[in-house]
Amino acid sequence: MTTPNKVALVVGAQGVIGRNLVEHLASLDDWEVIGLSRRGGPSSGRVSHLAVDLLDAADARQKLAALTRVTHVFYAAYQDRPTWAELVPPNLAMLVHVVDAIEPVAEDLQHISLMQGYKVYGGHLGPFKTPARETDAAFMPPEFMHDQQRFLEQRQQHARWSWSAIRPAVVGGFALGNPMNLALAIAVYASISKELGLPLRFPGKPGAYHHLLEMTDAGLLARATVWATTESACANQAFNITNGDLFRWSEMWPAIARYFDMEVAPPLPLSLDSVMADKEPLWRTMIETHHLADHPYTDISSWRFADFVFSWDYDMFGDGSKARRFGFHEHIETQAMFTRLFDDFRRRNIIP
């Protein structure tokens, strides 16, 4: 076995993105992995975990002071807030605190990878130019992803390390207690609907059922992120990373219903954040009836994020050709991704 010569610091290691990054890096012989999160986690083999409050600059400096061997930082942390303006201070501060703490002590720091998304293009604000490209102009703030990238660009000018910005679409993967897990939200919504003897109705805006969008498999994203981090041509570049196919919910929703052996009824706009709020007692009953893993209802619920995605009554996709031009050619069929994720949720006894 190769002795690890690269040390990864994965910030946000318990999220959908960070968790898959840790798993992928741990599968590579030449990496040692340190995961940072608020909760921490068990350490094993070449993976260790630290619990850090990244909003506390002093705690970050204290906990990261011993990480002198870190060579690569993968930043995928996120703190949710009610408004776009309120998102800026905590999400910028966490990145600044990590860099301020690690840069002085990690003498061989080579690269900082910043995880972004289509908010960079204003996709969350309403109809925007598609396909979105990495060269598209910025827009009126507030937008924390712009602030984060600008911070790295300015900091890097006099640094020995380089940076990259990775821009996935909606990410499909496994993580519990994550506010942005669309695949798990769909699986739980379908399971509860079936338990109640209901058909599977698309709950989003009417126009969202027919517009084009795309997703990004968390495993593919992890491989692309490591590729961009270690490929010299990718230094100081941004990349859209997606599965490579487009779909409409009008085609995907019936396929999801077939997986759960359910009928499809016409779409009906629903706020999942509202209608699923009283379903915890039912879920507790389902845990007992179907012998499911005893996870808190809050840990398997991402209703607010699902409502957000299902509200996109406009096209939501980017141009992924830059990554291919630079050398990353992997792709995944999104329907197959959903099937694999649902199989995984069942294997973990999260859904019936």
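Give me the percent relative contact order of the stretch 238-352, please, defined on Cα pairs under 8 angstrom at least 6 residues apart. Present the calculation step by step, with values, prior to reporting the outcome.
Values: 61 pairs, mean separation 55.8, N = 115.
That works out to 49 percent.
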13 Å Cα-Cα reach of Lys63 towards aspartates and glutamates, excluding residues that sit fewer than 8 places from it in its own chain: Asp53, Asp100
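Let me check I've understood the local charge: for Val88, count other residues with C-beta under 15 angstrom from its C-beta, Lys and Arg +1, Asp and Glu -1. What total comes out? Intermediate values should be presented prior to the final figure.
Values: positive: Arg81, Lys119, Arg150; negative: Asp80, Glu86, Glu143, Asp147.
Net charge in that neighbourhood comes out at -1.
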Candidates Arg201, Arg223, Arg258: whichever shows maximal mean-square fluctuation once the chain is modelled as a Gaussian network with Cα springs under 10 Å: Arg258
So for R0 = 35 Å, FRET eff. of Arg133-Glu107 from the Cβ-Cβ r, to 0.05, ends up at 0.45
Distance from the Cα centre of the stretch 119-151 to that of the stretch 322-352, in angstrom? 26 Å
With the contact rule set at Cα under 8 Å and sequence spacing of 6 or more, what percent relative contact order holds for the chain? 18 percent
So which DSSP H runs in the chain come out at 24 Å plus along the axis (Cα) with average Kyte-Doolittle of at least 1.0? 84-102
Which loop-located trypsin sites (Lys or Arg not before Pro) does the stretch 1-56 contain, where loop means any DSSP state but H, G, I, E or B and the Cβ has at most 14 other Cβ atoms within 10 Å? Arg38, Arg39
Matching label, Rg and Dmax of the Cα atoms in Å computed from the structure shown, candidates (1) 18.8, 65; (2) 20.5, 66; (3) 20.2, 62: (3)
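Determine the percent antiparallel among the DSSP beta bridges restricted to the stretch 1-97, to the nearest 5. Walk me through the numbers on the way to the answer.
Values: 1 of 16 bridges.
Antiparallel bridges: around 5 percent, rounded to the nearest 5.
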With Cα springs under 10 Å, the Gaussian network model of the chain assigns the largest mean-square fluctuation among Ser271, Ser311, Ser27 to Ser27
Taking the chain as a Gaussian network, where each spring joins two C-alpha atoms under 10 Å apart, which residue of Pro269, Pro82, Pro42 fluctuates the most? Pro82
State, as an integer percentage, the relative contact order of the stretch 148-232 based on alpha-carbon contacts under 8 Å between residues 6 or more apart. 36 percent
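Which percentage, to the nearest 5, of the DSSP beta bridges contained in the chain is antiparallel?
Details: 3 of 39 bridges.
The antiparallel fraction comes to roughly 10 percent.
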Under a straight-distance cross-link criterion of Cα-Cα below 26 Å, which lysines are reachable from Lys119, leaving out those fewer than 8 residues away in the same chain? Lys129, Lys205, Lys322
Compute the accessible area per residue over the stretch 1-76, keeping the other protein chains in place, probe 1.4 Å, unit Å². 44 Å²
With a Cα-only, solvent-free Debye model of the stretch 244-352, what are the log10 I(q)/I(0) values at q = 0.20 Å⁻¹? -1.34
Cα-centred dipole magnitude for the stretch 270-328, charges only on beta-carbon of K, R (+1) and D, E (-1), debye, nearest 20: 440 debye
Looking only at aspartates and glutamates whose Cα falls under 19 Å of Lys279's and that sit 8 or more positions away or on another chain, we get Glu195, Glu288, Asp294, Asp299, Asp307
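In whole percent, and with a 1.4 Å probe on the protein chains, what portion of the accessible area of the stretch 87-150 is carbon and sulfur?
On the way: 1460 of 2510 Å².
Answer for the stretch 87-150: carbon and sulfur cover 58 percent of the accessible area.
The values are calculated or read from the model by the stated rules, or taken from the named source; none is laboratory data. Remember, it's a predicted structure, so these values are computed and weren't measured experimentally. With ideal geometry, Cβ positions are generated from the backbone for all residues, glycine too; neighbour counts draw on all protein chains shown. When the accessible area is computed, the model is the full protein with side chains, heavy atoms only, and any ligands, DNA or RNA have been set aside. Shrake-Rupley method; radii C 1.70, N 1.55, O 1.52, S 1.80 Å.
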